[in-house]
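Values quoted throughout were computed directly from the atomic coordinates according to the rules given, and no laboratory measurement underlies them. Note that this is a predicted model, so its numbers are computed, not measured.
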Amino acid sequence: AQGALPITNAPTGCVGLVVTDERFIFALRERNVAWCAQGNEADWSPTSTNQAGDQDIDTAGQIMCGKPITGGTLIFTTADVWIARYQGLPTVYGFYKAGADCGIVSKGAAVALDSRCVWMGPDGFYIYNGYVQSLPSDVADYVFSNINRQQFSKVSAFHNAGFNEVWWFY
């Protein structure tokens, strides 16, 4: 079996990709988000006839991953969380800091749930439901006093819909 093939003309040095509700592919780089023309993954050059573009993110962290939610696309860094909202031409997307000091520990540590998203940060759990707040947890003290921080990159999360829970494996 053949693995995934590179996307023609896509930016290099990406840490991940995310597809927005508007059918744009976001190429996530260290502190930059680039997107292709709507519905055309091979066209990454902005022109007057397409909506391709890119935006630098003003963060002290590094972009880790993104999650589409109802009403936007969350961009997670090691330091903070941003929301990208579709605005149409000429800017196409607006990027707004949704929360500070709430970065994510790994690319797999977040779960999107419609218009909400939950994730694991280096010192706690967080939820976005229109704004970022700490997520109360009965196990947070145990998890964060015992976790091997050198292994944060291995943290992954999933939605256990049968019990309306989010689980993190670490």
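One table, with the values for the structure above:
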{"read-out": "Per-residue HN-Hα couplings for region 145-160 [Karplus 6.51, -1.76, 1.60; θ = phi - 60°; Hz; x = Gly/Pro]", "value": "8, 10, 6, 8, 5, 6, 10, 3, 4, 8, 5, 9, 10, 8, 8, 8"}
{"read-out": "Linear extension gain, Thr12 paired with Val143, 0.36 nm per residue minus alpha-carbon span", "value": "43.6 nm"}
{"read-out": "222 nm mean residue ellipticity, helices alone, for the chain (DSSP H n ≥ 4; -39,500 (n - 2.57); rounded to 500)", "value": "-1000 deg cm²/dmol"}
{"read-out": "Region 4-11 - phi-based ³J(HN,Hα) in whole Hz, Karplus 6.51/-1.76/1.60, Gly and Pro as x", "value": "4, 9, x, 7, 4, 6, 5, x"}
{"read-out": "Cα convex hull volume per residue for the chain (Å³)", "value": "137 Å³"}
{"read-out": "For the chain: relative contact order, % (alpha-carbon pairs under 8 angstrom, 6 or more apart)", "value": "13 percent"}
{"read-out": "Region 96-159 versus region 33-69: alpha-carbon centroid distance in Å", "value": "24 Å"}
